[in-house]
Amino acid sequence: MVWNGVMMIYHYLKVDKQSGTPIYQQLVSGIERFCRDYPPETPIPPERDLSKTLGVSRTTLRQALKECCDRGLIISRWAKGIFVAEQKKRRRILVMMPESTMISMPWNYTLPGIEQRAAELSITVEKISTTFLRSQTKEQIRHFLEQEDFTGILHMDYFSWIEAEELDVLRNIHTPVLFPHSCLYWFRQMPFPMNVVDERQAFRDAIAAMVEMGHTEIMTLGADSYYDAIRGYSGEEYLKMLEGIGANPDPELFRRVQYDEEKIAETVSVLLKPKRKFTAIICFSDFYAIMAMKALKRYSLRVPEDVSIMGFCGFPGGKFLTPGLSTIDFNYLLIGRNAVDRLLAIPSEWQKMNESERVNFSPYELVIRESMKPLKKKNRKGK
């Protein structure tokens, strides 16, 4: 059996040098399959033999072997060789998420990062619908979570949709729980570890960039169903912020509107008569921005020649629009990857974590694309 294992590893380690997958990753995948099929202590051929037989460099091979050692798939013993390691109980992460597949929902863009990072760490990702979960009793939910013994739970739903009984169960289980993408408002409401975006600062950074480009008459399209006026600001706070960075704090330029193409078009049209009152629009999200761009086209206004547009959140498809959409990019893929790493670092007695230990700020990036254009001085108010 041992001899067969030594020889059979070459069947698992076939390398396709024409493939787009890096060779070291092909080797890692092959070793992982081999370790699943063969028992602990099965020897693996020496590094020099593997390198020569497979026709790969020892540097590439060492990179693959190191990753496999780090993941606990193999073990290297001094002067003895490399062996299949005793496989630990496979780790499992439960992702709780809504059934909604609306393109505007952030979990659609965070989940691929979770799955990508989990695969690299040999962690199984299992998903459950929060809609289904809420059809169960409190005791059924508790029994399911305790019986399955997950390594951790990533909750992707909006807090405003979560029921009190569900939160009570999550607060009182030993399994670590993390909300991968949230904001400071919800962090202050709920005693859970969270990765948050400082949306107040991010929104301010976006407007400051617009002002720097000469735009002071900026229309704001906010969401009528959001917990506050706009991205962490009350109405009064927002107008003061605008004034502080040199934008016109006229309340007429600030509009909260339903996420609906016709409603957004109507709202934009109000500020076009009798004379257009703005040179740029900043939107609650990239999806609001896309609808605003459609509205401007309807009224024969060009982006960015007539009106500049700034989105918010970093919809991955924004760069493929015509014109490319400027935005604050949250980098959802990275949010998902970081969520896995942070979840694994949360202690089992996570309820004892203090506030500073529970919060982790996700980075964001201001991305200026073709939808934003500097305003010529002659077009600036008062110039």
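The values are calculated or read from the model by the stated rules, or taken from the named source; none is laboratory data. Just so we're clear, the structure is a prediction, and the values are computed from it rather than from any experiment. Counting neighbours? That spans all protein chains shown, and the Cβs are built from the backbone with ideal geometry, glycine included.
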* To do: Inspect segment 254-266 for any residue being within 25 Å of ASN108 (Cα to Cα), outside the structural domain of SER104 (by TED's automatic domain parsing), in a loop (DSSP other than H, G, I, E, B) and hydroxyl-bearing (Ser, Thr, Tyr) and give the result as yes or no.
  => yes
* Structure fact -> Conditions (1) farther than 30 Å from ARG358 by Cα; (2) surrounded by fewer than 16 Cβ atoms within 10 Å (Cβ to Cβ); (3) touching a strand residue (DSSP E or B) at 6+ places or on another chain (Cβ under 8 Å); (4) in contact (Cβ under 8 Å) with a residue 12 or more places away in the chain -> LYS263 fails only (4)
* To do: Determine which single condition ALA292 fails, assuming it passes every other condition in (1) in a loop (DSSP other than H, G, I, E, B); (2) in contact (Cβ under 8 Å) with a residue 24 or more places away in the chain; (3) under 21 Å from ALA280 (Cα atoms).
  => (1)
* Asked: Within segment 299-308, can one find any residue that is out of contact with any helix residue (DSSP H, G or I) (no Cβ under 9 Å at 6 or more places or on another chain) and closer than 29 Å to LEU154 by Cα?
  -> no
* **Residue ID - nearest to ARG91 (Cα to Cα), chosen from residues in segment 146-160 that are more than 17 Å from the chain's Cα centre (by Cα) and at pLDDT below 85** => ASP149
* **Complete set of residues in segment 13-46 that are of a type in the set (Phe, Trp, Tyr) and more than 34 Å from the chain's Cα centre (by Cα)** => TYR38
* Asked: Which numbered condition trips up ILE114, out of (1) aliphatic (A, V, I, L, M); (2) farther than 17 Å from TYR332 by Cα; (3) crowded, with 17+ Cβ neighbours inside 10 Å?
  -> (2)
* Matching residues in segment 307-320 - criterion: being modelled with pLDDT under 95 and either farther than 21 Å from ILE103 by Cβ or surrounded by fewer than 23 Cβ atoms within 10 Å (Cβ to Cβ) (or both) -> PRO316, GLY317, GLY318, LYS319, PHE320
* Asked: Looking at segment 59-86, which of the residues that are under 30 Å from MET156 (Cα atoms) and part of a loop (DSSP other than H, G, I, E, B) is modelled with the highest pLDDT?
  -> GLY72
* To do: Would you mention how many residues in segment 338-355 are in a helix (DSSP H, G or I), free of Cβ contacts under 8 Å to residues at least 40 places away in the same chain and over 25 Å from LEU111 (Cβ atoms)?
  => 2
* Asked: Could we say that GLU99 is among the charged types (D, E, K, R), assigned to a loop (DSSP other than H, G, I, E, B), touching a Gly at 6+ places or on another chain (Cβ under 9 Å) and loosely packed, with under 13 Cβ neighbours inside 10 Å here?
  -> no
* Asked: Is it true that some residue in segment 154-161 is in contact with a Gly (Cβ under 9 Å, 6 or more places away or on another chain) and either touching a residue at least 12 places away in the same chain (Cβ under 8 Å) or not assigned by TED's automatic domain parsing to the domain that holds PRO316 (or both)?
  -> yes
* Please work out if ILE328 is assigned to a helix (DSSP H, G or I) and aliphatic (A, V, I, L, M). => no
* Structure fact -> Only unsatisfied item for SER104, checking (1) surrounded by 12 or more Cβ atoms within 10 Å (Cβ to Cβ); (2) assigned to a helix (DSSP H, G or I), is (2)
* Can you pull out the residues in segment 171-230 that are over 15 Å from CYS283 (Cα atoms), touching a residue at least 24 places away in the same chain (Cβ under 8 Å) and part of a strand (DSSP E or B)? -> VAL177, LEU178, PHE179, PRO180, HIS181, CYS183, MET194, ASN195, VAL196, VAL197
* **Boolean, ILE128 is modelled with pLDDT under 90 and assigned by TED's automatic domain parsing to the domain that holds GLU163** => yes
* Find the residue count for segment 214-272, including only residues that are within 26 Å of the chain's Cα centre (by Cα), over 19 Å from TYR299 (Cβ atoms) and among the hydrophobic types (A, V, I, L, M, F, W, C). => 3
* Asked: Quick check, is ILE335 crowded, with 21+ Cβ neighbours inside 10 Å, in a helix (DSSP H, G or I) and under 18 Å from the mean Cα position of the chain (by Cα)?
  -> yes
* Report the residue count in segment 17-65 for those that are touching a strand residue (DSSP E or B) at 6+ places or on another chain (Cβ under 8 Å) and of a type in the set (Phe, Trp, Tyr). => 2
